[in-house]
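Asker: My questions all concern the structure below.
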Amino acid sequence: MKIIDGKLLAQNLRAEIAAGVAKLKAEKGVTPGLAVILVGDNPASVSYVTAKEKACAEAGMYSREMRLPAETTEADLLAQVKALNDDPAIHGILVQLPLPKHISEKAVIDAIAPDKDVDGFTAVNVGRMMIGERCFLPCTPHGIIKLIEFSGMDLRGKHAVVIGRSNIVGKPVAALLARKETNATVTLCHTGTPDVAHFTRQADVVVVATGRPGTLTGDMIKPGAVVIDVGVNRIPDATKPKGFRLVGDADFESCSKVAAAITPVPGGVGPLTITMLLWNTLEAAAGGELRVIS
Ligand code: NAP
């Protein structure tokens with residue numbers, strides 16, 4: 001059984017991205033710029049934003065963090081997004097979710113210019129992805145495809161089962177797996193699926209993204225399957241300094257006895273999400289003119 005090392009893959013891809021940034025600076029005089037807007041001080045969001053800034057700096061990119069108070073109005077936030085749309089130093093705009101309840105996330109996300117939507121969340125980008133046009137692929141789903149390839153599995157002709165149908169993970173992963181260039185046969189399971197195990201037992205690859213620990217157990221997969229565990233769940237644990245430990249949605253112990261390869265939590269999907277954000281920001285700065293990354 002192989003552990004799919006997300007940290008190693010992220011490190012390899014970030015080296016490639018940093019080389020692309022250096023090339024873009026040298027050949028075009030352009031430094032990729034990412035603006036990250038954070039409204040309020042949700043501790044998880046603060047740590048995500050800090051990690052994104054650090055990753056930008058390490059890749060040689062410019063990052064601009066905009067921390068706005070929780071009482072910011074939707075009109076003010078929309079004005080900030082519009083200003084960034086027109087700012088030539090900024091190639092990618094990310095609005096950290098969730099937003100305070102009085103602000104419409106849909107209105108704010110759809111205000112981002114599609115050619116700066118490096119999260120791939122605008123309706124325009126999602127639509128382009130669905131019809132196979134060039135677009136920014138959403139970061140976590142794109143990272144999941146990279147991890148499956150990194151595990152050594154050739155997805156063509158394979159049966160992939162995705163558990164979970166959220167707009168940010170399950171649905172886009174299913175769409176990417178079913179694209180002609182990937183060519184997997186896809187089954188999408190959710191809470192309306194009466195017997196999830198019936199499908200997962202037939203799967204060559206299972207992607208589990210439910211936010212519920214223990215959704216996938218070893219008896220639900222076939223020997224030799226590849227398991228991608230997207231879940232990040234905090235379990236109270238008094239022996240840990242922070243008082244909790246992180247577990248995924250798959251039961252690692254039982255799944256790792258049956259699977260050919262599995263992602264750990266932490267250290268699997270997580271490191272890929274920011275990496276693919278950097279990837280998209282570089283692509284945005286290159287403007288499609290320069291093929292800087294493979
Ligand atoms: P979400 O919006 O809560 O969606 C969960 C999905 O799972 C829903 O479609 C739900 O079905 C389905 N589901 C829940 N329990 C199920 C069960 N027992 N059997 C079958 N389907 C079930 O969650 P999300 O945003 O996709 O996130 C999923 C997990 O991934 C979370 O732990 C999250 O923290 C993690 N995550 C990690 C990263 C990363 O970078 N590593 C990024 C994003 C998310 P219904 O639609 O029928 O309700």
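Asker: What are the pairs, 6+ residues apart or on separate chains, where a residue within segment 260-273 that is under 17 Å from Ile168 (Cα atoms) has its Cβ under 7 Å from a residue that is of a type in the set (A, V, I, L, M) and near the ligand (Cβ under 8 Å from one of its atoms)?
Answerer: Val269/Val230; Gly270/Val232
Asker: Moving on. In this structure, does Arg165 turn out to be open to solvent by 60 Å² or more (accessible area, probe 1.4 Å), within 15 Å of the ligand (Cβ to nearest atom), of a type in the set (Lys, Arg) and modelled with pLDDT of 95 or more?
Answerer: Values: open to solvent by 60 Å² or more (accessible area, probe 1.4 Å): yes; within 15 Å of the ligand (Cβ to nearest atom): yes; of a type in the set (Lys, Arg): yes; modelled with pLDDT of 95 or more: yes.
In short, yes.
Asker: Here's a follow-up. Is one or more of the residues making up segment 36-46 under 17 Å from the mean Cα position of the chain (by Cα), over 30 Å from Met153 (Cβ atoms) and open to solvent by 20 Å² or more (accessible area, probe 1.4 Å)?
Answerer: Yes - at least one qualifying residue is present in segment 36-46.
Asker: All but one of (1) of a type outside the set (D, E, K, R); (2) crowded, with 21+ Cβ neighbours inside 10 Å; (3) within 16 Å of the ligand (Cβ to nearest atom); (4) outside the structural domain of Ala260 (by TED's automatic domain parsing) hold for Ile90, so report the exception by its number.
Answerer: Here Ile90 meets the rest and fails (3).
Asker: Could you please find all residues in segment 214-233 being within 10 Å of the ligand (Cβ to nearest atom) and either small (Gly, Ala, Ser) or assigned to a loop (DSSP other than H, G, I, E, B) (or both)?
Answerer: Passing the criteria: Gly214, Thr215, Val230, Gly231, Val232.
Asker: So which of Gly248, Gly211 ends up being open to solvent by less than 10 Å² (accessible area, probe 1.4 Å), within 15 Å of the ligand (Cβ to nearest atom), of a type outside the set (Asp, Glu) and modelled with pLDDT of 95 or more?
Answerer: Numbers: Gly211 fails: open to solvent by less than 10 Å² (accessible area, probe 1.4 Å).
The conditions single out Gly248.
Asker: For the list (1) within 10 Å of the ligand (Cβ to nearest atom); (2) assigned to a loop (DSSP other than H, G, I, E, B); (3) of a type in the set (A, V, I, L, M), I need the number of the one condition that Val173 fails.
Answerer: The single condition Val173 does not satisfy is (2).
For every residue, the table says whether it meets (1) assigned to a loop (DSSP other than H, G, I, E, B); (2) within 15 Å of the ligand (Cβ to nearest atom); (3) over 24 Å from the mean Cα position of the chain (by Cα); (4) farther than 28 Å from Val118 by Cβ.
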position: Thr193; (1), (2), (3), (4): yes, yes, yes, yes
position: Lys257; (1), (2), (3), (4): no, no, yes, yes
position: Trp279; (1), (2), (3), (4): no, yes, no, no
position: Leu282; (1), (2), (3), (4): no, no, no, no
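The values are calculated or read from the model by the stated rules, or taken from the named source; none is laboratory data. Here the structure is a predicted model, which means the values were calculated and not measured. Reconstructed Cβ throughout: ideal geometry from the backbone, glycine too, with neighbour counts over all protein chains shown. Areas reflect the complete protein model, heavy atoms only, side chains present, ligands, DNA and RNA absent. Shrake-Rupley method; radii C 1.70, N 1.55, O 1.52, S 1.80 Å.
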